[in-house]
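Notes to accompany the following structure.
The values are calculated or read from the model by the stated rules, or taken from the named source; none is laboratory data. Values in this document were obtained by computation on a predicted structure and should not be read as measured data. Positions of Cβ are backbone-derived with ideal geometry, glycine not excepted, and every protein chain shown enters the neighbour counts. Areas reflect the complete protein model, heavy atoms only, side chains present, ligands, DNA and RNA absent. Shrake-Rupley method; radii C 1.70, N 1.55, O 1.52, S 1.80 Å.
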Amino acid sequence: MIRTGLGYDLHRLAAGRKLFLGGLEIPYSAGLVGHSDGDALIHALIDAILGALGEGDIGRIFPDRDPRTKNVRSTELLETVMTMVRKKRLRIIHADAVVVAEAPKLGPWFPDMKKRLGPILGLRDDRLGLKAKTNEGLGLIGRGRAIACWAVVLVGGKKA
Ligand code: MG
């Protein structure tokens, strides 16, 4: 059986915080505010995966009051979710994501993001789509106050 999952996340940007996105630390004047490292791209991927598994959402698995996940790198959360995938004898077939950010320019970072996330998700480069859009200067994202991410995943059985 093939399952789809959809994920969305948005985090506020705050000056002086490190920016973590797609498992990388990216040099920028502001970073995403969050209980964990604020990596909205990974959080959207996690919600997409959990949706496909029928396991609710990231807040149910990793409550934001849990001191164990304070400032945790989101790659660790993704690894935990991937153990849930494997326990159900499922695998990720394909993932696709869009990052909506006015800045910084993310395209040059996508190859390294794929190197970081691909092995965790069990996906080759051509099965992990990463795209960046601006918000054309509109709204809070357009004014550089937040970054939002969308992700979809296709999940299938071990042999699918
Ligand atoms: Mg989040």
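Criterion first (within 17 Å of Cys149 (Cα to Cα) and of a type in the set (S, T, N, Q)) does Ser29 satisfy it?
Judged against the criteria, Ser29 is not a match.
Kindly evaluate Ile93 against the criterion of being open to solvent by less than 70 Å² (accessible area, probe 1.4 Å), part of a helix (DSSP H, G or I) and not hydroxyl-bearing (Ser, Thr, Tyr). So Ile93 does not fit the description; no.
For Asp39, are the conditions met, namely being free of Cβ contacts under 8 Å to residues at least 12 places away in the same chain, within 28 Å of Thr134 (Cα to Cα) and within 14 Å of the ligand (Cβ to nearest atom)? Here the answer is no, as Asp39 does not meet what is asked. Restricting to region 19-36, name every residue that is farther than 20 Å from Ile120 by Cβ and either of a type outside the set (Gly, Ala, Ser) or within 10 Å of the ligand (Cβ to nearest atom) (or both). Answer for region 19-36, where residues must be farther than 20 Å from Ile120 by Cβ and either of a type outside the set (Gly, Ala, Ser) or within 10 Å of the ligand (Cβ to nearest atom) (or both): Pro27, Tyr28, Val33, His35. Scanning for something within 15 Å of the ligand (Cβ to nearest atom), modelled with pLDDT under 95 and farther than 27 Å from Pro108 by Cα, does region 67-86 turn up at least one residue? Yes, some residue in region 67-86 is within 15 Å of the ligand (Cβ to nearest atom), modelled with pLDDT under 95 and farther than 27 Å from Pro108 by Cα.
The residue of region 42-53 that is farthest from the ligand (Cβ to nearest atom), among those that are over 20 Å from Asp112 (Cβ atoms) and surrounded by 20 or more Cβ atoms within 10 Å (Cβ to Cβ), is Ala52. State which residue is farthest from Gly142 (Cα to Cα) when the search covers only region 4-18 and only residues that are open to solvent by less than 50 Å² (accessible area, probe 1.4 Å) and within 11 Å of the ligand (Cβ to nearest atom). Ranking the candidates gives Gly7 first. Count of region 1-45 residues, restricted to those that are more than 24 Å from Pro63 (Cβ to Cβ) and either small (Gly, Ala, Ser) or more than 15 Å from the chain's Cα centre (by Cα) (or both), is 10.
Confirm whether Gly129 is in contact with an Asp or Glu (Cβ under 9 Å, 6 or more places away or on another chain), over 26 Å from Ala15 (Cα atoms) and assigned to a strand (DSSP E or B). When the stated conditions are applied, Gly129 passes them. Restricting attention to region 19-29, the residues that are open to solvent by 30 Å² or more (accessible area, probe 1.4 Å) and of a type in the set (A, V, I, L, M) total 0. Does any residue of region 146-157 turn out to be at pLDDT below 95 and of a type in the set (Phe, Trp, Tyr)? No, that holds for no residue.
Test Ile58 against the stated conditions and say whether it is within 24 Å of Ile2 (Cβ to Cβ) and of a type outside the set (D, E, K, R). Answer is yes for this residue.
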